[in-house]
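Encoded as structure tokens, the structure appears first; notes follow it.
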């Protein structure tokens, strides 16, 4: 294992490891950014429950749990225990669980507009909606359901963006969201909201930094109540993908936080 400090970036649902480029200048040189979305078609609907309820919720939770286990194994196998964990959106929830894992030995946790803690209403709403998409795919077939998923994309994701979040970056993000594999995406989303995120948050022993978008999904008051030791930075006039659209501001505040905690960072920003 290398003695050089490392950082692990975990993208959100439908994200990609290329989002790390927006943060790279503020991070150690030794980086890991696994792409963790399940492959299109990897879920066989013939083996899934045919109605909503406990069995469906359990099937979705199993997909998310396998995803989390896969990422955990990648981190350990790559020698990135004792690293800084950074997660955007669902990746932040994943990072929170990993930060509470004694085998990972996280030296710091950074949340980028993540639902940590998980608001109960958001949990219930996400589980209900994603269950509906899986049942829709079962009833009408994957292809027809995928077309409906693409058409519905503005209803699902437009609220993630601030009016100032424009340009090619927004177009790319929206394409990735629209054309994600509907069954696999729905299963992952319906599964991750069932993770014991709140319990893991209380078990985290490393320093914590959280970035809140405006508007955003980070429940700032609940997080501060659960963890009075957390540092929360709000990025005004920026939506959910704050590390993309306000990269310089996020890098500056992230770098300052790392320096005050003695974690090695590059001397200059680019």
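The values are calculated or read from the model by the stated rules, or taken from the named source; none is laboratory data. It should be emphasised that the depicted structure is a prediction, and the values quoted were computed from it without experimental measurement. Reconstructed Cβ throughout: ideal geometry from the backbone, glycine too, with neighbour counts over all protein chains shown.
Couple of notes before you dig in:
- Screening the candidates 55, 39, 61 for the property of being at pLDDT 95 or above and either in contact with a helix residue (DSSP H, G or I) (Cβ under 8 Å, 6 or more places away or on another chain) or crowded, with 18+ Cβ neighbours inside 10 Å (or both) yields one hit, 61.
- Selection status of residue 153, surrounded by fewer than 21 Cβ atoms within 10 Å (Cβ to Cβ), under 21 Å from residue 16 (Cβ atoms) and over 17 Å from the mean Cα position of the chain (by Cα): yes
- Residue ID - surrounded by the fewest Cβ atoms within 10 Å (Cβ to Cβ), chosen from residues in region 217-229 that are in contact (Cβ under 8 Å) with a residue 24 or more places away in the chain and out of contact with any strand residue (DSSP E or B) (no Cβ under 8 Å at 6 or more places or on another chain): 226
- Tally, over region 157-170, of residues that are loosely packed, with under 14 Cβ neighbours inside 10 Å and under 19 Å from the mean Cα position of the chain (by Cα): 2
- The criterion of being part of a helix (DSSP H, G or I), farther than 20 Å from residue 194 by Cα and over 12 Å from the mean Cα position of the chain (by Cα) does not hold for residue 31.
- Every residue from region 37-56 that is farther than 14 Å from residue 184 by Cα, in contact (Cβ under 8 Å) with a residue 12 or more places away in the chain and not in a loop (DSSP other than H, G, I, E, B): none
- Only one entry of 31, 10 meets the criterion of being surrounded by fewer than 20 Cβ atoms within 10 Å (Cβ to Cβ) and modelled with pLDDT of 95 or more, and that entry is 31.
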